[in-house]
Every structure is written in structure tokens, then in C-alpha cells.
Amino acid sequence: MDTKSVAENWLTRFALAAFRGNVDAAVQTFFPHGWLRDALVFTWNTRSLEGRDKISAYLHDTLPAAHLYNFKVDERKGFSPEPVLEGTGIGMGFTFEMPDRRGRGYAFLQEDMATADWKALSLFTMLDAIKGHEEVGPEPGVYGGHTLSWEEVDIARRKRIEEDPYVVIMGGGQTGLQVAARFRQMNIPTIVIEKNKAIGDQWRQRYPTLSLHTTRNHHTLLYQPYPQNWPEYTPRDKLANWLEYYAKSQDLIVWTSSYIMPTPKYDHDTKRWSIIVNKNGMHVPLKPAHLVVAIGMLGPPRIPEIEGRERYKGAVLHASVYMGGRPFVGMDTLVIGAANTSADVCQDLAFRGARSVTMVQRSSTCVVSINNVQVQMYRNYPDGSPLEICDIKFSAMPLNLQRKFSKAREKQYWEAETALHAKLRKGGLSLNMGRDGSGQHFLVYERAGGIDVGVADMIATGRVKVKSGVEIARFTEHGVVFTDGSELAADLVVFATGYIDPRVSLRELFGADVIDQTDPMWGMDEEGEVLGCYRPSRYPGVKL
């Protein structure tokens, strides 16, 4: 099979139909059950359409108006035509233009055995650049004909931006900083507002043993990959320090110990916000055109209201403020929840010397080993492959189509976890294969799932006990009573019960009349797209 010729022939057919605005001809290049995922090319949104009827309806008005032209196969390594889908298909990247924009695409092609034609199982189109607003790239490093120092240039630039920012980003975590770095490369004057004293503090305030559960190439930062000898799984403090360094090395303007005060007002005539920033105690008025909310998917801690808490004499914490197990040596401890954070907290308490550790599992959990996750991560984000290429190829397949493939493979993955699951079941943990048998990956977008990094051995030996299928009915003076009527003594109760919608705190800042018009900030819609994030917020000048 000549993969290059197959890819070029398919692209020629699709490109001709797209150039002519011929929706019927374009749709015929897809399988009847094929998919189109579009990010900001045909609309200012991200959509996933399954089947020719939905694709046709979506393109009916948008394809002719887009005026696509100048399609070219992307010959770069990683994008050039290659076998995919376990050898049954061809993956190929391409570029194209519009009058005011440049785009790129990636297609998964398979042969239609009935006609011997190659068709798209899935096509991804995405905005790559806006003409006239391309990224500026690296600076020369020599200024004013070698008469100005970097310090002079930097001070003048910061002063100009701080006096009149076009964008204010709320949140100096990894997302806010990367958006700011991108905006800087596009000459968009931007200030990042961070409530903590230092960049990275939002990670430093998490439990000490926290490490990211994705491999390093997946969570490397824009323009600035990690050093070659970086840990495979980034520890909490190394990530915090790297974010602080990133903000400096990318020359981002960040105001720490700062926050926007209630209540920002949007002027629909001038299309500008009026905000007051409490900058380390000083009130600074700003009038940006856009506010980017980058506070993460986690809102305020979720702590259930439970009868009798006022008479309980032990300690009650949410996992968000758990700072390690050293203070609880020799104590009876209880951790509510059975996902990643609960597993980490239980493991830490047991290792640090708590007398007893009990995990309370309210409903069954999907658990996979970190080794299994690593294999799958390497498949999509191999070391040495540029993040841009990995991201585009992973994003090219709609999540709902990924789910279909995953359901077919999940039994195989599940069988590979037999030893792990035997340990967990021995300790009394109830397990599932995800919401619909599609595994742990999709739970990240839906509600989060479990990854074992060592607690399974502790559960198997009884060092960490499991109480499954119950919740706390009420507190007693020295412990809890569960919904099954059983009791347990506890000196510490940690709620690893997640977080509520971040729009709760945003409502307090912006007011209900603004935030109630926006979508939830996590979860999946019926098309398999993530709700709220990187999509129109439904309120002008606010980006979530």
C-alpha cells in the first residue's frame, strides 16, 4: 500500500469539494458513520459531529462561507502519511488556508471494501493562525541598535502593558501561564492575576507526596520542554518551581498576592470591563477587553454536611488542606473517597505511622496501575516527539470515537490488571470498568478515576482497610456511624470527596446575572466535547 498516494488522493478530493463549497461532495469523502471534529474553523466553537447527516447539516452554511483553499499534505515527521489504527488505516496531516486565517487538519482514513475507495473515519480541522496576528517568534536579543539594555526594554514594556492590558488572566497556574505565553507571542498585552504569594503556591499547598499521574511529555509546557533528565512523573514541588521559573523565562507580567474585587462590570458599548484589582493591598483600576478565567476545574472543596460534626472531638480535613501524615502518627484515621487523592492520602498515612487507616468507598471505582497508564501515555505522547504533534494527533480523534475503540480494547487492558485487582478485591474494594466499560481514561473528563501507585499492596495486606458501599451517617464524639449501622473510632477524618463547580466562587465575584449565563466548566456534552472550557462562555468578554 502506497500510503502517500492514498493520502494525497483523498486530500485532493476533499480539498476540491471544500474549495467549491460543495457540501455533498465533501461529505462523500467520509464513511457514512464517519466523524468531523472542528476547532474554530467553521464556527468559533469546538464541535464533534458523527455521521454524514450531522456533518452535512453542520457544513451546509459554514463550508461555503469559510472559503478553504491551498491544501497541502504536511510532510513533517509525525504528520506525514503513516499507518494507524493497528495497521488498518492511514493517518495524515495537512495544512490549508482561508482568506483571513490558516488552518491545519488531521485525517484517519480507512479503505471502504465495498467501493475500494479510501474514506475518512475521522477528520479534524483546527485554526492554526490568524493572518496579520501570527506569533512573533524569538526576539533578536539586541535592542535600539545595541544601545539599550534588556532591563530598560523590559521595564518600558511592562509599564505600557500594566497601564492598559487588553487581557487579564485570572489564575497563575499552568493553564493561565501558557495562555499568557501564547498571547505574548501574539503581541496581546496581558496581565496574569494570581492570588497566592508566589507562582506555584497552588501546588505547594497540596499534599507533599503528590506527583502528576501523566508522563512528562504529556504535561510539558508551551515553548519550554522539561530538561532531558526530568522525572517521568513530575513531583508537586518540582512542578511548582518550574511554573515560577516559566513565568520569569517567558517574560510574563504576573501580579501575585492579587485578586479581582467584586463586582466587575462589562460595558456592552465600549466592549471593555471595568475591574478593580487588589494588588498586594493597593486598589488598581483596569479596563481590559477580555477576562480569561484560568482557575482550574476544581472549585471550592466538597465536604458533605453530616449530623453530629459539632460534637466530634477529632480532626476533620478536606484533602485540599492535608499536608502530610506526620502529625497523625499513632492515630486512627478515616479517608472518605476512593479515587486518586484518597489512595495517595491513605498510602501516606500508613507509611507515616498512623495506627489504622480506613478508606471509605461509597461506590465502585475504576482502578488501573500506573504501569498501564504509562504504556498508554507513551503511545500518544512518546518521549522525543514534539508536544504540538502529540496534542494535534490525540485531539484529532473525537472523544466519543475514542470511547468506541477503547470499549473494544478495555477487556484486554482489564485482564492485564488481574494481579492488581486481586489485591484490591482481597481488601474489599469494589471495582468497575468505567461508566460504560470504556475504562479509566474517560472518567478524567466525567468524574475522575483511580490510578494505583502503591496503595494496592497496603490494601491487600490490610495495612489500609476498605469499607465499601457505605457513607457516614453521623459523627459521634470519638468516631463515626455508617449508613449500615456499624461504627468506627477515628481521630482524623479526611474528605477526599472532590470539589464543586468553580462557578460557585465565580458567582460571588461576577454576580449570578453573568455566571448563570455560562456553561458548567467540566464534564462532557452529548458530542463528547468538554463543557465550558476553551469554548464560548455565552457572556461577552469572558473566556473560561
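The values are calculated or read from the model by the stated rules, or taken from the named source; none is laboratory data. Only a predicted model underlies this, so the values are computations on that prediction, with no experimental measurement involved. Backbone-built Cβ (ideal geometry, glycine too); neighbour counts: all protein chains shown.
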**OP:** Being within 30 Å of residue 274 (Cα to Cα) and part of a loop (DSSP other than H, G, I, E, B) is the filter here, so list the residues in the range 286-316 that pass it.
**Re:** 287, 288, 289, 294, 295, 296, 297, 298, 299, 300
**OP:** With the checklist (1) on the phi < 0 side of the Ramachandran plot; (2) modelled with pLDDT of 95 or more; (3) surrounded by 13 or more Cβ atoms within 10 Å (Cβ to Cβ); (4) not assigned by TED's automatic domain parsing to the domain that holds residue 103 in hand, flag the one item residue 160 doesn't pass.
**Re:** (3)
**OP:** Say whether the condition of being on the phi > 0 side of the Ramachandran plot, surrounded by fewer than 17 Cβ atoms within 10 Å (Cβ to Cβ), out of contact with any helix residue (DSSP H, G or I) (no Cβ under 7 Å at 6 or more places or on another chain) and assigned by TED's automatic domain parsing to the domain that holds residue 116 is met by at least one residue in the range 59-67.
**Re:** yes
**OP:** State all residues of the range 277-286 that are surrounded by fewer than 17 Cβ atoms within 10 Å (Cβ to Cβ) and within 29 Å of the chain's Cα centre (by Cα); if no residue qualifies, say none.
**Re:** 278
Original post:
residue 532 passes all but one of (1) in contact with a Phe, Trp or Tyr (Cβ under 9 Å, 6 or more places away or on another chain); (2) closer than 17 Å to residue 346 by Cβ; (3) of a type in the set (Gly, Ala, Ser); (4) modelled with pLDDT under 90; which number fails?
Top reply: (2)
Subject >> Any chance residue 8 is more than 29 Å from residue 525 (Cβ to Cβ) and outside any helix (DSSP H, G or I) >> reply: no
Original post:
From the residues in the range 489-522 that are farther than 30 Å from residue 477 by Cβ and among the aliphatic types (A, V, I, L, M), which one is surrounded by the fewest Cβ atoms within 10 Å (Cβ to Cβ)?
Top reply: 512
**OP:** Looking at (1) out of contact with any helix residue (DSSP H, G or I) (no Cβ under 6 Å at 6 or more places or on another chain); (2) over 30 Å from residue 398 (Cβ atoms); (3) not assigned by TED's automatic domain parsing to the domain that holds residue 314, find the lone condition where residue 543 falls short.
**Re:** (2)
Original post:
Can you tell which of 215, 263 is part of a loop (DSSP other than H, G, I, E, B), over 30 Å from residue 384 (Cα atoms) and hydroxyl-bearing (Ser, Thr, Tyr)?
Top reply: 263
Original post:
Here are 226, 245: which of them is within 23 Å of residue 181 (Cβ to Cβ), of a type in the set (Phe, Trp, Tyr) and not in a loop (DSSP other than H, G, I, E, B)?
Top reply: 245
Original post:
Of everything in the range 291-318 that's in contact with a Leu (Cβ under 9 Å, 6 or more places away or on another chain) and under 30 Å from residue 541 (Cβ atoms), which residue is surrounded by the fewest Cβ atoms within 10 Å (Cβ to Cβ)?
Top reply: 299
Original post:
Which pairs do you get when a residue that is over 16 Å from residue 188 (Cα atoms) and touching a residue at least 12 places away in the same chain (Cβ under 8 Å), found in the range 285-296, comes within reach of a residue that is of a type outside the set (Gly, Ala, Ser) and part of a strand (DSSP E or B), reach meaning Cβ atoms under 8 angstrom, with the pair 6+ apart or on two chains?
Top reply: 293/170; 293/542; 293/543; 294/169; 294/170; 295/170
Subject >> The one condition in (1) among the acidic types (Asp, Glu); (2) touching an Asp or Glu at 6+ places or on another chain (Cβ under 9 Å); (3) modelled with pLDDT under 90 that residue 501 fails to fulfil >> reply: (2)
Subject >> Set 180, 120: member being touching a strand residue (DSSP E or B) at 6+ places or on another chain (Cβ under 8 Å), among the aliphatic types (A, V, I, L, M) and outside the structural domain of residue 241 (by TED's automatic domain parsing) >> reply: 120
Original post:
For the range 46-63, does any single residue satisfy the condition of being touching a Gly at 6+ places or on another chain (Cβ under 9 Å), under 30 Å from residue 544 (Cα atoms) and without any contact (Cβ under 8 Å) to a residue 24 or more places away in the chain?
Top reply: yes
Original post:
Is it the case that the range 274-285 has a residue that's assigned by TED's automatic domain parsing to the domain that holds residue 377, touching a helix residue (DSSP H, G or I) at 6+ places or on another chain (Cβ under 9 Å) and not aromatic (Phe, Trp, Tyr)?
Top reply: no
Original post:
When the range 123-156 is examined, which residues are found to be surrounded by fewer than 10 Cβ atoms within 10 Å (Cβ to Cβ) and touching a strand residue (DSSP E or B) at 6+ places or on another chain (Cβ under 7 Å)?
Top reply: none
**OP:** Specify the residue that is surrounded by the fewest Cβ atoms within 10 Å (Cβ to Cβ); the eligible residues are those in the range 79-113 that are under 14 Å from residue 12 (Cα atoms) and of a type in the set (A, V, I, L, M).
**Re:** 92
Subject >> Pick from the range 450-488, criterion among the polar types (S, T, N, Q) and over 29 Å from residue 417 (Cβ atoms), ranking: surrounded by the most Cβ atoms within 10 Å (Cβ to Cβ) >> reply: 476
Original post:
Condition test on residue 91, is it assigned to a strand (DSSP E or B), touching a residue at least 40 places away in the same chain (Cβ under 8 Å), touching an Asp or Glu at 6+ places or on another chain (Cβ under 6 Å) and not assigned by TED's automatic domain parsing to the domain that holds residue 405?
Top reply: yes
